[in-house]
Amino acid sequence: MAQQRRVQLSVQRPTSTVCVLGTELSLDVRGSAPKDAVAFHVQGTPGVKLYVVHDSQSIKLPSSVSRWPLGTHPEVLLAMDTLSKDVGDEKVRISYFREAGGVPVGRAMLYLTCVARGDCGDTPTLLCVPPQATWTWGPEGHGAILLVNCDRDDPKAETPDNRDTAIRSYNATPIKSECSMAAVSAQHRDLGHRHPKLLGQQNKQHSCNTVLHYTGDSVALEEYKHVLGGSKLSYTVKPSRHQEESVFYVEGLAFPDVNFSGLVAFHVTLLESPEKVPALGGWDEPQQGGAEPRWCVPPSQGLLETPIFTDTVVFRVAPWIMTPNTLAPLEVFVCSVDDNEDFVAAVRAVAEKAKCPLTVCPLPENRHDRWIQDEVEFGYVQAPHKTFPVVFDSPRDRGLKDFPVKRILGPDFGYVARQAPEGASSLDSFGNLEVSPPVTVQGKEYPLGRILIGSSFPRFGGRRMAKAVKDFLVAQKVQAPVELFSDWLLVGHVDEFLSFVPAPDRKGFRLLLASPSACYQLLKEKQEEGYGEAVMFQGLEKVPKPTINEILTNEGLRKFNCYVQ
């Protein structure tokens, strides 16, 4: 059996307990025996399977042995394979006897209620959560997926929905229940002095999720109560006369990162409170107005609740997934500044031909910052029931720094950002962040591609992407990043020398790669054609304007480009 619990019995009064389907109970037959008892007899109703462990042998009852000696330290085990229809509908009776006595000197009665765990379906259960205490990747894996609630349902809100615990609009909760929240429920049938308790993670990860308890039967916002997350580490489920089941919604607040694996575990424990027996305390005086007296347990005699059973459900927060340029575009963003009217018009014409929406960021919003590719990167999050885009805001924060929150973040369009406490460099712009199409590398498949970032590798002491951004990308796991040497460029972005384009054959794409050697070959051809004195970079301001001949005779520049190649 998976779990076993020891039950104390009494000959003074009946005992009641819960048996979870698939577990065993061990009965303490010696602890409840009268002083002069030397043997016992045990019998149960048809729904109870009884075993006596005697001399290291397990004997199923009934057997040819009617009485068992107490002196040999026997153990009585029971299991149930049928769910109870009523509380206490199955029973076990222990009868104690003196030496050669025919009349019992005492009897201990145990009332049993069998409940189930696991997926609910139509079965009456105690805990309605998938019985998965682990999470496994892959098509054959298992485990629930939780989406970060990083969109903004209320247009008047200034931040994404995962920045607070408030439910700001009617639309927030149904959307959460479908896309950004997953349901866990606990059935609290009339089990006497027993109740379920929901426990969150007792570490830093408890701040990465929150739990709302649905306490009513309508869609009103006041029916949802924040019960776990932040400083709230546990919640006691209180039985209700009007509801047989308590429903909880789990909301993801943070993406996986260096201090958060993305795994979120919740434990639902059925606790048994100490029975209120007069020998352990006393009743206070009757209250005025005929109210019933209250039971008082002296502080020194207060007993802890006993865990009967614990189930665990593990969620994994869905990672942020970056999309490659080989996919068909869904929307195009472009900045309009003083001198790029022709460029914006050309992009508009291409977008119309592709029947793709175009969003133009005007000058008052971009504040003379045209490099929208450097400010943001688009990706998405996905679970079997929901997919929505999420914009990743870089720590670059120039003129476009407010655009992602003000113009992109909204209902079903999420937002995530990382900052560079050490100060952002050019390599923290998202022109330095690309992703390949699906690839297989040395037999390992990357069905979502691999992220490519520029770095100072293989040199030391150069520029690198901010640790906070790189840690975030690595923590998503599904697009394992590769660092490429880009610091040889003035700006240093990977998109300056590589790009992926669709292709009809082979792997379905081509990698376009800029080559210093190919450039030297082209310049050499032009020199031989008589264009050696042609001036490079004409029309550009504040940059040197060497001729082709000067470039080809610059040995230091040639050696550096050979190293880069």
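The values are calculated or read from the model by the stated rules, or taken from the named source; none is laboratory data. Nothing here was measured: the structure is a model prediction, and the numbers come from that model. FYI the Cβ positions are ideal-geometry reconstructions off the backbone, even for glycines, and counts take in every protein chain you see. With ligands, DNA and RNA removed, areas are computed over all heavy atoms of the protein, side chains included. Shrake-Rupley method; radii C 1.70, N 1.55, O 1.52, S 1.80 Å.
Suppose the filter is open to solvent by less than 80 Å² (accessible area, probe 1.4 Å) and at positive phi; does GLY88 pass it?
Here the answer is yes, as GLY88 does meet what is asked.
Name the pairs whose Cβ atoms lie under 6 Å apart, with the first residue in the stretch 398-418 and over 20 Å from MET322 (Cβ atoms), the second outside any helix (DSSP H, G or I) and open to solvent by 40 Å² or more (accessible area, probe 1.4 Å), and 6 or more positions between them or separate chains?
GLY399/ARG367; GLY399/HIS368
Among the residues of the stretch 553-565, how many are under 22 Å from PHE485 (Cβ atoms) and assigned to a loop (DSSP other than H, G, I, E, B)?
2
Evaluate the following for ASP471: is it in the same structural domain as PHE333 (by the TED database), charged (D, E, K, R), modelled with pLDDT of 95 or more and open to solvent by less than 20 Å² (accessible area, probe 1.4 Å)?
Considered against the rule, which asks whether it is in the same structural domain as PHE333 (by the TED database), charged (D, E, K, R), modelled with pLDDT of 95 or more and open to solvent by less than 20 Å² (accessible area, probe 1.4 Å), ASP471 comes out as no.
For the stretch 244-271, give me each residue that is exposed (fewer than 15 other Cβ atoms within 10 Å of the Cβ) and at pLDDT below 75.
Listed by number, the list holds a single entry, GLU244.
Quick check, is ARG93 open to solvent by 50 Å² or more (accessible area, probe 1.4 Å) and basic (Lys, Arg)?
yes
For the stretch 475-495, which residues satisfy the criterion of being in contact with a Leu (Cβ under 9 Å, 6 or more places away or on another chain), buried (at least 18 other Cβ atoms within 10 Å of the Cβ) and more than 15 Å from SER455 (Cβ to Cβ)?
GLN479
Matching residues to (1) among the hydroxyl-bearing types (Ser, Thr, Tyr); (2) open to solvent by 90 Å² or more (accessible area, probe 1.4 Å); (3) under 24 Å from SER426 (Cα atoms):
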residue	(1), (2), (3)
TRP320	no, no, yes
THR323	yes, no, yes
LEU327	no, yes, no
LEU330	no, yes, no
PHE333	no, no, yes
ASP342	no, yes, no
ALA354	no, no, no
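For the stretch 505-557, which positions are within 53 Å of the chain's Cα centre (by Cα), of a type in the set (Ser, Thr, Tyr) and over 30 Å from PRO447 (Cα atoms)?
SER517, TYR520
Identify, please: which residue in the stretch 69-85 is of a type in the set (Gly, Ala, Ser) and closer than 17 Å to THR23 by Cα and is, among those, surrounded by the fewest Cβ atoms within 10 Å (Cβ to Cβ)?
Here the residue is ALA79.
Taking SER499 and the conditions (1) part of a helix (DSSP H, G or I); (2) of a type in the set (Gly, Ala, Ser); (3) surrounded by 13 or more Cβ atoms within 10 Å (Cβ to Cβ), which numbered condition does it fall short on, given that it satisfies the others?
Only one criterion in (1) part of a helix (DSSP H, G or I); (2) of a type in the set (Gly, Ala, Ser); (3) surrounded by 13 or more Cβ atoms within 10 Å (Cβ to Cβ) is unmet by SER499, namely (1).
With respect to ASP36, is the statement that it is open to solvent by 30 Å² or more (accessible area, probe 1.4 Å) and either outside the structural domain of VAL103 (by the TED database) or touching a residue at least 60 places away in the same chain (Cβ under 8 Å) (or both) true?
yes
Please identify the pairs in which a residue from the stretch 330-346 that is under 21 Å from PHE378 (Cβ atoms) and in the same structural domain as GLY399 (by the TED database) has its Cβ atom under 9 Å from the Cβ atom of a residue that is part of a helix (DSSP H, G or I) and among the small types (Gly, Ala, Ser), counting only partners at least 6 apart or on another chain.
GLU331/ALA351; VAL332/ALA351; VAL334/ALA351
Between a first residue in the stretch 496-508 that is aromatic (Phe, Trp, Tyr) and a second residue that is part of a loop (DSSP other than H, G, I, E, B), which pairs have beta carbons less than 7 Å apart while being 6 or more apart in sequence or on different chains?
PHE497/ALA514; PHE500/PRO324; PHE500/ASN325; PHE500/THR326; PHE500/SER436; PHE500/PRO437
Go through the residues of the stretch 365-372 one by one and say whether even a single one is under 34 Å from the mean Cα position of the chain (by Cα), surrounded by 13 or more Cβ atoms within 10 Å (Cβ to Cβ) and not β-branched (Val, Ile, Thr).
Looking for residues that are under 34 Å from the mean Cα position of the chain (by Cα), surrounded by 13 or more Cβ atoms within 10 Å (Cβ to Cβ) and not β-branched (Val, Ile, Thr), one finds at least one in the stretch 365-372, hence yes.
Any residue in the stretch 521-542 that's among the small types (Gly, Ala, Ser): show its pairings with residues that are surrounded by 13 or more Cβ atoms within 10 Å (Cβ to Cβ) and assigned to a helix (DSSP H, G or I) at Cβ separation under 6 Å, as long as the two are six or more apart or on different chains.
GLY532/ILE548; GLY532/ASN549; ALA534/ILE548
Specify the residue that is most open to solvent (accessible area, probe 1.4 Å); the eligible residues are those in the stretch 407-435 that are among the small types (Gly, Ala, Ser) and assigned to a loop (DSSP other than H, G, I, E, B).
ALA424
I need every pair where a residue in the stretch 360-387 that is assigned by the TED database to the domain that holds ASP338 and within 14 Å of TYR415 (Cα to Cα) has its Cβ under 6 Å from the Cβ of a residue that is open to solvent by 10 Å² or more (accessible area, probe 1.4 Å) and of a type in the set (A, V, I, L, M), sequence separation at least 6 or different chains.
Listed by first residue and then by second, the contacts come to GLY379/ILE321; TYR380/ILE321.
Hey, does the stretch 449-457 have a residue that's closer than 21 Å to ILE372 by Cβ, open to solvent by less than 60 Å² (accessible area, probe 1.4 Å) and in contact with a Lys or Arg (Cβ under 8 Å, 6 or more places away or on another chain)?
yes
Please go through the stretch 516-552 and pick out each residue that is modelled with pLDDT of 95 or more, surrounded by 13 or more Cβ atoms within 10 Å (Cβ to Cβ) and outside any helix (DSSP H, G or I).
Scanning the stretch 516-552 gives GLY532, ALA534, PRO546, THR547.
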